[in-house]
Amino acid sequence: MKRLAVLLSGRGSNMEAILGHTRPSGTLDGIAQIAVVAANQPEAGGLTIAAEAGIPTRVIPHRKQPRRQFERRLIAALDPFSPDLIVLAGFMRRLSPLFVSHYKNRIVNIHPADTRLHQGLDGYRWAFERGLQESFVTVHLVDEGLDTGPIIGRHPIDLTGCQSLAEVERRGLAVEHQFYSAMIRHLLEKQELSEG
Ligand code: GRF
């Protein structure tokens with residue numbers, strides 16, 4: 001069983017979806033478990049969801065300290081759980097080479113747009129304001145850049161007839177909640193192959 005460390009900063013709907021997929025007949029059933037959920041925001045809703053599910057949680061605030069110190073503390077919190085994969089799920093901090101090199105090729109992120117067309121915040125607003133009929137969700141490995149790492153997979157979001165940003169988000173998140181676990185499974189199976 002592979003071990004996931006999930007990092008988040010807010011609501012945690014992707015973490016909750018992944019958790020659901022680790023349960024019987026889910027995409028990750030028998031393949032992975034969430035070993036720890038860590039947040040840089042003490043009030044992140046995802047922490048409560050994880051704690052209620054009996055998953056260990058850690059809060060590592062990022063404020064009032066140099067980035068390297070924050071990342072060293074984050075690594076010190078995660079390493080005891082021996083994670084096979086670091087799963088960013090709405091984690092709103094850029095990660096420096098210190099963290100990225102420690103978990104080289106083992107950090108994955110989900111981005112609510114095509115990372116080749118839009119990087120950074122507000123991917124759904126970006127699609128809505130352009131009136132796009134179709135957008136994408138991207139799952140990619142994390143490197144030192146902002147949403148620049150190698151793409152693992154992209155999934156289309158049908159936006160035809162969307163009248164509001166809320167509707168764009170609703171359709172996008174419905175895709176995210178299935179697609180992220182499928183891509184995590186794909187990555188873990190590849191890891192298995194390269195180790196075996
Ligand atoms: C998602 O839209 C994800 O693509 C982006 O941040 C949002 C996190 O939502 N990186 P949640 O906290 O998982 O509900």
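The values are calculated or read from the model by the stated rules, or taken from the named source; none is laboratory data. What you are looking at is a predicted structure, and each value in this text was computed from that prediction instead of being measured. All Cβ positions, glycine included, derive from the backbone under ideal geometry; neighbour counts span all protein chains shown. Heavy atoms of the whole protein, side chains included, go into the accessibility calculation; ligands, DNA and RNA do not. Shrake-Rupley method; radii C 1.70, N 1.55, O 1.52, S 1.80 Å.
Based on what the data block shows, is ARG23 under 22 Å from MET183 (Cβ atoms), part of a loop (DSSP other than H, G, I, E, B) and within 16 Å of the ligand (Cβ to nearest atom)? When the stated conditions are applied, ARG23 does not pass them. Of all residues in region 112-168, those satisfying the criterion of being outside any strand (DSSP E or B) and aromatic (Phe, Trp, Tyr) are TYR124, TRP126, PHE128.
Looking only at residues of region 119-156 that are within 16 Å of the chain's Cα centre (by Cα) and of a type in the set (S, T, N, Q), we find that the one that is nearest to LEU187 (Cα to Cα) is THR138.
Every residue, every condition in (1) open to solvent by 20 Å² or more (accessible area, probe 1.4 Å); (2) without any contact (Cβ under 8 Å) to a residue 12 or more places away in the chain; (3) closer than 29 Å to ARG68 by Cβ; (4) not hydrophobic (A, V, I, L, M, F, W, C), yes or no:
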residue	(1), (2), (3), (4)
MET1	yes, no, no, no
VAL6	no, no, yes, no
ASN14	no, no, yes, yes
ILE18	no, no, yes, no
THR22	yes, no, no, yes
GLY30	yes, no, no, yes
GLY46	no, no, yes, yes
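The residue list PRO66, PRO42, PRO61, PRO56 contains one member that is surrounded by fewer than 17 Cβ atoms within 10 Å (Cβ to Cβ) and either in contact (Cβ under 8 Å) with a residue 40 or more places away in the chain or within 16 Å of the ligand (Cβ to nearest atom) (or both), which is PRO42.
Scanning region 126-169 for residues that are among the charged types (D, E, K, R) and either more than 11 Å from the ligand (Cβ to nearest atom) or touching a strand residue (DSSP E or B) at 6+ places or on another chain (Cβ under 9 Å) (or both) yields GLU129, ARG130, GLU134, ASP143, GLU144, ASP147, ARG154, ASP158, GLU167. State whether the residues of region 93-100 include one that is within 12 Å of the ligand (Cβ to nearest atom), surrounded by fewer than 21 Cβ atoms within 10 Å (Cβ to Cβ), at pLDDT below 95 and over 24 Å from GLN191 (Cβ atoms). Within region 93-100, one or more residues are within 12 Å of the ligand (Cβ to nearest atom), surrounded by fewer than 21 Cβ atoms within 10 Å (Cβ to Cβ), at pLDDT below 95 and over 24 Å from GLN191 (Cβ atoms).
Scanning region 69-92 for residues that are over 23 Å from GLU43 (Cβ atoms) and assigned to a loop (DSSP other than H, G, I, E, B), we see that the one that is farthest from the ligand (Cβ to nearest atom) is SER82. The C-beta contact set for region 152-164 (first residue over 13 Å from PHE179 (Cβ atoms), second residue open to solvent by less than 50 Å² (accessible area, probe 1.4 Å) and modelled with pLDDT of 95 or more, distance under 7 angstrom, 6+ apart or interchain) comprises LEU159/ALA127; LEU159/SER135; LEU159/VAL168; CYS162/VAL168. Has region 103-119 got at least one residue that is within 22 Å of VAL6 (Cα to Cα), open to solvent by 10 Å² or more (accessible area, probe 1.4 Å), more than 12 Å from the ligand (Cβ to nearest atom) and not charged (D, E, K, R)? Yes, because at least one residue in region 103-119 is within 22 Å of VAL6 (Cα to Cα), open to solvent by 10 Å² or more (accessible area, probe 1.4 Å), more than 12 Å from the ligand (Cβ to nearest atom) and not charged (D, E, K, R). Looking only at region 18-65, residues that are within 13 Å of ARG93 (Cβ to Cβ) and of a type outside the set (Val, Ile, Thr) come to 9 in all.
If you check ARG58 against the conditions, is it outside any loop (DSSP other than H, G, I, E, B) and out of contact with any His (no Cβ under 9 Å at 6 or more places or on another chain)? Answer is yes for this residue.
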